[in-house]
Amino acid sequence: MSEGSTPRTFVIKDAVSRSKIAGAILKLDARAEWDITIRRHIRRRTLKQNSRLHLLFSLVASETGNDIEDVKDGYKALFLPPKIVDMGSKLMLIYPHTSKMNTAQLNEFMTRVEVHAIENFGIVLGDGDGWQG
């Protein structure tokens, strides 16, 4: 890794990956200064969660006649806190991307979406083997 290069992220999964990361650190130029951050890894949403959520969006879209992206945006506006972004002459509300959520955050969002879909449209998916991450 050279100065000014793109930051890299490593995930330690086992002793082998830990050794590889330690080796990469040992190869860094000792004459340069490096910022290294170590934090506990938080799993991002799972593919099962994502598939189930998009199935819900699709079924609600069919039930309401809306576009699936509009349904997704609507649920984000209903259940997720927006971030306010200053665009110079205007403040904009931006909602989180579900792709950046961890499994716990997506579970909470999905539970709210499912309850809403059941109560408002009678859409019930069932238990869905392991979708909660």
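The values are calculated or read from the model by the stated rules, or taken from the named source; none is laboratory data. A quick note: this is a predicted structure, and the numbers were derived from the prediction, not measured. As a convention, Cβ positions derive from the backbone with ideal geometry for all residues, glycine included, and neighbour counts pool all protein chains shown. Remember, those area values only see protein heavy atoms, side chains included, never the ligands or the DNA or RNA. Shrake-Rupley method; radii C 1.70, N 1.55, O 1.52, S 1.80 Å.
Only residues that are surrounded by fewer than 14 Cβ atoms within 10 Å (Cβ to Cβ) and either under 17 Å from the mean Cα position of the chain (by Cα) or assigned to a helix (DSSP H, G or I) (or both) were counted across region 59-69, and they come to 3.
Number of residues in region 70-100 that are open to solvent by 90 Å² or more (accessible area, probe 1.4 Å) and in contact with a strand residue (DSSP E or B) (Cβ under 9 Å, 6 or more places away or on another chain): the value is 6. The single condition from (1) part of a helix (DSSP H, G or I); (2) closer than 29 Å to LEU106 by Cα; (3) open to solvent by 100 Å² or more (accessible area, probe 1.4 Å); (4) of a type in the set (D, E, K, R) that ARG52 fails is (3).
Would a scan of region 81-99 turn up a residue that is under 24 Å from the mean Cα position of the chain (by Cα) and in a helix (DSSP H, G or I)? So far as region 81-99 goes, yes, one or more of its residues are under 24 Å from the mean Cα position of the chain (by Cα) and in a helix (DSSP H, G or I). Residues that are open to solvent by 90 Å² or more (accessible area, probe 1.4 Å) and more than 18 Å from PHE10 (Cβ to Cβ) within region 27-49 comprise ALA30, ARG31, GLU33, LEU47, LYS48, listed in sequence order. Screening ILE21 on (1) touching a residue at least 12 places away in the same chain (Cβ under 8 Å); (2) over 19 Å from VAL115 (Cβ atoms); (3) surrounded by 10 or more Cβ atoms within 10 Å (Cβ to Cβ) shows it passes everything except condition (1).
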